[in-house]
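Structure first, then comments.
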Amino acid sequence: MTHPRFPGTGVALVTPFLPNGDIDFESLSRIIEHLVQGSIEYIVVLGTTGESATLSHEEKQKVFSFVSQVNAGRLPLVAGIGGNDTRSVLHDLAGFELEGYGAVLSVSPYYNKPSQEGIYRHYRAVAEASPLPVILYNVPGRTGMNMTAEATLRIARECPSVIGTKEASGNLDQIMRILRDKPEGFEVISGDDAITLPMIALGATGVISVIGNAYPKRFSDMVRKCLAGDFAGARPDHFRMLEAVDTLFAEGSPSGVKAYLHEMGLCGNHFRLPVVPVSETLRERIRGIMPTL
């Protein structure tokens, strides 16, 4: 049996900003240490939660390099590199210096609403160009187009450098079809904190988490119990975290998780437009939830 390359809990790292909109590298270092001490399994840099859509190419390289330097080999790293222009994605794959990284997480093309054939050809080109193994990322709530089970399985079978998928469709029927029919060694990773437990019960290898930014130890402990088959032990933590997970997305992400991190003193509550902080009503709800976690 093939062992997964990225088992357990990966965290989709936030990108902290200063009040003037510059990247807050001091807070970023503090959050990285928080994650390492929280015993997660790996870090995903510049995914959706990292507000990558608002960073320039130069800023992205600075973040990639900074995280690698601070991490210093302690945890595996995954670089978020994707987009809706295949040629630009290939240019980024060739241009970024990714020392210290073990894989690329590449989101399915958004806005264009390509056909399933277009999605397949995009990923085939990405797989051929990437210097690192590739993890697909299906998040139709953001991209506007679902990558079907059939397309995912076709890519998994025909592109050897594609090693897994982060499934954030929320469609358990689709996820079960992928888990049932996938090739040996192809990893299915939860992209939704709230359904990580049932996905692992069905055969997923772990999660790329948002709530893990704030509660790395509690969430990764829950995931490890699931992977060990101790679902009875994992359920209390799973249910305890549900309301917190709901607040992460109630007014958009990463607004929710940054509110938690700000309350913890780990970073400021700053964003780049069009993302804005959560309302005071939601912040009060978050403050009420935190003592229960």
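Remarks
- Peptide packing for 226-238, 74-86 was compared via the average number of neighbouring C-beta atoms within 10 Å per residue; ordered from the highest value, the list is 74-86, 226-238.
- As a calculated quantity, the FRET efficiency between THR281 and ARG235 at R0 = 25 Å, using C-beta atoms, amounts to about 0.25.
- Across region 8-231, C-alpha contacts under 8 Å between residues 6 or more apart give a mean separation that, scaled by the residue count, equals a relative contact order of 21 percent.
- Region 92-162 and region 8-85: distance between their alpha carbon centers, rounded to Å: 20
- Working from label points 7 Å from Cα in the Cα-to-Cβ sense, the GLU150 to GLU59 distance is 4.0 nm.
- The Cα trace of the chain gives Rg and Dmax of 17.8, 51 Å, the first to one decimal, the second as a whole number.
- Pairs of Lys residues in the chain, spaced 8 or more positions apart or belonging to different chains, with C-alpha separations under 28 angstrom: 17 in total.
- Packing around the peptides 2-13, 189-200, 141-152, taken as the average count of other Cβ atoms within 10 Å per residue, puts them in this order, highest first: 189-200, 2-13, 141-152.
- With a Förster radius of 25 Å applied to the beta-carbon distance between GLU26 and ARG218, the computed FRET efficiency rounds to 0.50.
Every number in this text was worked out from the coordinates using simple rules, so none of it is lab data. On a predicted model such as this, the values are computed, not experimentally measured, just so you know. Here the Cβ is made from the backbone with ideal geometry for all residues, glycine too, and neighbour counts use every protein chain on show.
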